[in-house]
1. Which order do peptides 56-67, 32-43 fall in by mean Cβ count within 10 Å, highest first?
2. Residue by residue through segment 27-35, what is 3J(HN,Hα) from phi via Karplus (6.51 cos²θ - 1.76 cosθ + 1.60, θ = phi - 60°)? Round to whole Hz and write x for glycine and proline.
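Derivation of every value follows stated rules applied to the coordinates shown; laboratory data play no part. Keep in mind that this is a model prediction, so the values were computed, not measured. Virtual Cβ from ideal backbone geometry, glycine too; neighbours counted across all protein chains shown.
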Amino acid sequence: MKQRATFFVWLLFTLCLSEAFKFDTMFYTWLTLPGTALHESAHYFVAWLLGGEPFGFSVIPQKLYIEGELAAILQGHVLFHITDVDAAASALA
């Protein structure tokens, strides 16, 4: 029961801060790091489970620039060798 309460307190704290600091994209990105790690871990696990041979994993936020302007912030990624079978399942994880 205590773990559940701790989770909901963290969730509420995260939601409040994300709304308060929505204008600061990098702060929001670091704030959501635990969720990003779980999300990318799911992709990694499904790729591994289906034989996709994952070889890269990162949850360190990276700014992506196109022609000198900020285009996006990559919150995390998993690299793996794909086959027809595991491509869709890994993407949906």
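1. Details: 56-67: 11.7, 32-43: 15.4.
Sorting 56-67, 32-43 by mean packing, highest first, produces 32-43, 56-67.
2. Calculated HN-Hα couplings, in order: 4, 4, 4, 5, 5, 8, 4, x, x Hz.
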